[in-house]
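Below is one structure, written out as structure tokens; comments come after it.
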Amino acid sequence: MKYLQIMKTAMRRGGMLVLFAAALLTTFHSISGVSAQDITKWLYEQKEENNNRLIEKLSRFIPSSKHEYDEAEKEKLLNNVMKEYNLKAVKVTATGYTAGAESTGKNKNHPAFGIT
């Protein structure tokens with residue numbers, strides 16, 4: 001019985017929250033003329049713009065025939081990008097495996113070949 005009362009209360013509160021959010025968006029739209037679709041489009045454009053800026057900055061680290069950066073320049077550019085985008089460097093250890101005999105010890109005749 002107590003469980004049903006909790007569920008009823010939760011459903012009521014959830015429904016009120018949905019109605020409140022809808023009313024808030026409708027009011028915002030009627031006052032500003034900006035729809036939720038416009039906001040979504042703007043956020044997507046901002047994300048794309050930030051990604052393009054980041055790609056542009058990181059592309060400096062890709063060797064090209066136009067200009068070669070020395071290690072000091074690369075380190076300075078990388079530090080600037082990391083600072084601007086609030087990135088942190090961490091050391092990791094990566095181990096690579098294949099499905100082949102060199103990693104699994106199984107050859108093509110083994111019944112579990114290809115299962116890792």
Asn86 versus Glu102: modelled label distance in nm, points set 7 Å from Cα along the beta carbon direction: 4.3 nm
Accessible area per residue, Å², the range 1-108 with all protein chains present, probe 1.4 Å: 92 Å²
Cross-link pairs beyond the 24 Å C-alpha cut-off, checked among Lys57/Lys91; Lys57/Lys88; Lys41/Lys76; Lys47/Lys88: Lys41/Lys76
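Quote the FRET efficiency, to the nearest 0.05, computed for Val18 versus Lys47 with a Förster distance R0 of 22 Å and r equal to the Cβ-Cβ distance.
That gives a FRET efficiency of 0.25.
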Whether the range 1-61 is rounded, prolate or oblate, judged on the alpha carbon gyration tensor where a/c under 1.5 counts as rounded: oblate
Farthest toward positive dipole pole in the chain [+1 Lys/Arg, -1 Asp/Glu at C-beta], among Asn50, Ala36, Asn80: Ala36
The chain - percent of accessible surface contributed by carbon and sulfur, probe 1.4 Å: 61 percent
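The values are calculated or read from the model by the stated rules, or taken from the named source; none is laboratory data. Keep in mind it's a predicted model, so treat the numbers as computed, not measured. With ideal geometry, Cβ positions are generated from the backbone for all residues, glycine too; neighbour counts draw on all protein chains shown. These accessible areas exclude ligands, DNA and RNA; they are computed on the full protein's heavy atoms, side chains included. Shrake-Rupley method; radii C 1.70, N 1.55, O 1.52, S 1.80 Å.
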